[in-house]
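> Would you mind keeping the following structure in view while I ask a few things?
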Amino acid sequence: MNVGVAHSEVNPNTRVMNSRGIWLAYVISVGVLHIVLLSIPFFSIPVVWTLTNVIHNLLMYLLLHTVKGTPFETPDQGKDRLLTHWEQIDYGTQCTSSRKFLSISPVVLYLLTSFYTKYDPVHFVINTASLLSVLLPKLPQFHGVRVFGINKY
Amino acid sequence: NPIVHNGGLYKRPFNEAFEETPMLVAVLTYVGYGVLTLFGYLRDFMRQWKIEKCQNATEREEQKDFVPLYQDFENFYNRNLYMRIRDSWNRPICSVPGAKVDMMERVSHDYNWTFTYTGRVIKDIINMGSYNYLGFAQKAGTCQEAAAKVLSQYGAGVCSTRQEMGNLDKHEELEKLVARFLGVESAMAYGMGFATNSMNIPALVGKGCLILSDELNHASLVLGARLSGATIRIFKHNNMQSLEKLLKDAIVHGQPRTRRPWKKILILVEGIYSMEGSIVRLPEVIALKKKYKSYLYLDEAHSIGALGPSGRGVVEYFGLSPEDVDVMMGTFTKSFGAAGGYIGGKKELIDYLRTYSHSAVYATSLSPPVVEQIITSMKCIMGEDGTTVGKARVQQLAENTRYFRRRLKEMGFIIYGNEDSPVVPLMLYMPAKIGAFGREMLKRNIGVVVVGFPATPIIESRARFCLSAAHTKEMLDTALKEINEVGDLLQLKYSRHRLVPLLDRPFDETTYEETED
């Protein structure tokens, strides 16, 4: 049971994305990543923006759509053990405010990146592929779907 | 301080405050957890590739191809965060945990994976962690003498349940006394406080009933509610608008599919919530209960003996009548220095529980020396032992509470909870400060309880002080001086004295609950 715990929340992971200040922390960390990449001398601006976009999407895919379960034991007898963090947000309720925020932020980053890369074709292909890889798992139709059985258990 | 008077329901000002986390602190807390996670992954990587020795329990070589018993990732937090600050918990004590306690000193040479005892005993640590509200955790005194006499007369254990051979005359005496203490018709006592909740709620409600339980209810109430099979709906902590909305919806819409009326609606609240230090808004809950004709189950585990001018609990604190609360539950563990729990209420209810409660049928009854401790301490609080010691203790606790909270607020810490509750949570927020606070306070000879994620929400880690009537003003002053120093050292004084006015706190409509499949 939730012994020694101050609340009756079964899985605290579901509320992390709603906590105070986490959206701001997320935006700040994307900003810090961008500044770090900008300070590397031999990358041009389009390359930096594409790198920011790709690294952001890669990290988001890894943390939200690959890692499954919770880093601590929960009293729900493992119901969420096979769910990724995205699927755990708000106990699977779709289209809540955190989900909307996390879906819109890669799109915003993509728009900025397209502008700063001057719509170059090569950068376009890379950025669009990266955006799709992080937007598709967020669709409500993809809740709990594991394509080709990858990452099922 | 905003003072809440709700149309005359409250006879005294109700000052409760939960100052909001400063934004910078929240962002830094997330950064802290992020860094810890990164290092956690790094160390796991090193352990997997044998660069670092793995000190966790692992399966034997022969069993490597079997399906693993435990998932690695579920232990991530335990391995990488909890292990680093593990020395703040499970500290072995070697004296009675009264106002001062002796502790065995232990050191770790491999970063808390193993502990060795140096053999030295740290004496006279000021104990701010025990639920010793009225100071009855003593090893000498009238309670101890009476309990020793009963021990030699009745023995240590009963070895039977209440319904078989375990119903002693001591138990009957205790139950009459508890009923008199609370002002109810009848009461029943059980051997374990947790089991009182988890075994009796299933006896009271079942399938087809509705339980409305507070967000921050204790594990025993949650377990009892789940075991009963009733539908559970959770309302926001101490938020009467949320409770009223749930009640209205329940009565208007009835049961989920069939739309039949609910058989019973039971509201589960606690007197004092031990992690927040908040007191339930009992006058409003009772008004709502009467308006919507539901039942109220009040768990006074922390508030019995600790609130009210004569220690009768939260009902007396608000000046209400005990007849308004249908089921008054409490424990003897905190203020009475004993063990066990009780349920008080109307005679028909208690007679029903004597037959149908799982605790009465299957669990061993209270042990006789413990019963005598409860009887003696309760008589002391009521003043029936001929002295004014009980009344003095209750008053001392109230003075200590007010003084301690006022001084901490003046120093600039963020303190949660009601002005009158003896449970004082001091916010720490950042994960590193949890360990640092615990260790620094121990260096200065003060023992505190610290809690972090996932036991609390991710940005609300805290240190919890439990005040006691056994704390003298000098002890509190010493503790306050040390807390002040540690607060300056760790920069814990976050308060900007900008309290969120209770009436302005918006009621968030959104609740996401775990749906049962």
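The values are calculated or read from the model by the stated rules, or taken from the named source; none is laboratory data. Everything quoted here is computed from the prediction, not taken from an experiment. Here the Cβ is made from the backbone with ideal geometry for all residues, glycine too, and neighbour counts use every protein chain on show. Calculation scope for accessible area: heavy atoms of the full protein, side chains included, ligands and nucleic acids excluded. Shrake-Rupley method; radii C 1.70, N 1.55, O 1.52, S 1.80 Å.
> Can you name the condition, by its number, that residue A:92 falls short on among (1) within 14 Å of chain B (Cβ to nearest Cβ); (2) under 15 Å from residue A:134 (Cβ atoms)?
(2)
> Another question, then. For residue B:172, are the conditions met, namely being assigned to a loop (DSSP other than H, G, I, E, B), surrounded by fewer than 19 Cβ atoms within 10 Å (Cβ to Cβ) and of a type in the set (Asp, Glu)?
Considered against the rule, which asks whether it is assigned to a loop (DSSP other than H, G, I, E, B), surrounded by fewer than 19 Cβ atoms within 10 Å (Cβ to Cβ) and of a type in the set (Asp, Glu), residue B:172 comes out as no.
> Residues of region B:428-460 being surrounded by fewer than 20 Cβ atoms within 10 Å (Cβ to Cβ), assigned to a helix (DSSP H, G or I) and without any contact (Cβ under 8 Å) to a residue 60 or more places away in the chain, which ones?
B:436, B:440, B:443
Residues are listed down the side, and each one gets a yes or a no for (1) surrounded by fewer than 19 Cβ atoms within 10 Å (Cβ to Cβ); (2) of a type in the set (Asp, Glu); (3) under 27 Å from residue B:268 (Cα atoms); (4) in contact with a strand residue (DSSP E or B) (Cβ under 6 Å, 6 or more places away or on another chain):
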site	(1), (2), (3), (4)
A:14	no, no, yes, no
A:40	yes, no, no, no
A:45	yes, no, no, no
A:53	no, no, no, no
A:69	no, no, no, no
A:81	yes, no, no, no
A:99	yes, no, no, no
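> Restricting to region B:427-464, name every residue that is among the small types (Gly, Ala, Ser) and under 16 Å from the mean Cα position of the chain (by Cα). First the steps, then the outcome.
The initial filter retains those residues of region B:427-464 that are among the small types (Gly, Ala, Ser), namely B:432, B:435-436, B:438, B:447, B:452, B:455, B:461, B:463.
Scanning region B:427-464 gives B:452, B:455, B:461, B:463.
> I need a count of the residues in region B:236-253 that are of a type in the set (Val, Ile, Thr) and open to solvent by 90 Å² or more (accessible area, probe 1.4 Å). I'd like the intermediate steps shown before the answer.
Going through region B:236-253, the residues of a type in the set (Val, Ile, Thr) turn out to be B:251-252.
Subset that is open to solvent by 90 Å² or more (accessible area, probe 1.4 Å): B:252.
So the answer is 1.
> Would you kindly identify the helices (runs of 4 or more DSSP H) lying entirely within region B:308-427 that contain at least 3 residues that are open to solvent by 10 Å² or more (accessible area, probe 1.4 Å) and over 29 Å from residue B:475 (Cβ atoms)?
Per the criteria, B:347-356, B:358-362.
> Same structure, new question: Those residues that are in a helix (DSSP H, G or I) and either touching a Gly at 6+ places or on another chain (Cβ under 8 Å) or aliphatic (A, V, I, L, M) (or both), I need them from region A:140-150; list them, please.
Scanning region A:140-150 gives a single hit, A:147.
Conditions tested, residue by residue: (1) at positive phi; (2) more than 10 Å from every other protein chain (Cβ to nearest Cβ).
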| residue | (1), (2) |
| --- | --- |
| A:18 | no, no |
| A:21 | yes, no |
| A:29 | no, no |
| A:38 | no, yes |
| A:50 | no, yes |
| A:60 | no, yes |
| A:65 | no, yes |
| A:69 | yes, no |
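So that you can scan it fast, the table gives a plain yes or no per residue for (1) within 11 Å of another protein chain (Cβ to nearest Cβ); (2) crowded, with 16+ Cβ neighbours inside 10 Å; (3) free of Cβ contacts under 8 Å to residues at least 24 places away in the same chain:
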| site | (1), (2), (3) |
| --- | --- |
| B:18 | no, yes, no |
| B:26 | yes, yes, no |
| B:31 | yes, no, yes |
| B:34 | yes, no, yes |
| B:40 | yes, yes, no |
| B:52 | no, no, yes |
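> Which residue pairs have Cβ atoms closer than 9 Å, lie 6 or more positions apart in sequence or on different chains, and pair a first residue in region B:87-101 that is within 16 Å of residue B:436 (Cα to Cα) and of a type in the set (S, T, N, Q) with a second residue that is modelled with pLDDT of 90 or more and open to solvent by 60 Å² or more (accessible area, probe 1.4 Å)?
Partner pairs satisfying both residue conditions: B:88/B:439.
> Looking at region B:6-16 only, could you name the residues that are under 29 Å from the mean Cα position of the chain (by Cα) and either surrounded by fewer than 20 Cβ atoms within 10 Å (Cβ to Cβ) or facing another protein chain (nearest Cβ under 9 Å) (or both)? Lay out the reasoning, then the answer.
First, the residues of region B:6-16 that are under 29 Å from the mean Cα position of the chain (by Cα): B:6, B:9-16.
Residues satisfying the conditions are B:6, B:9, B:10, B:11, B:12, B:13, B:15.
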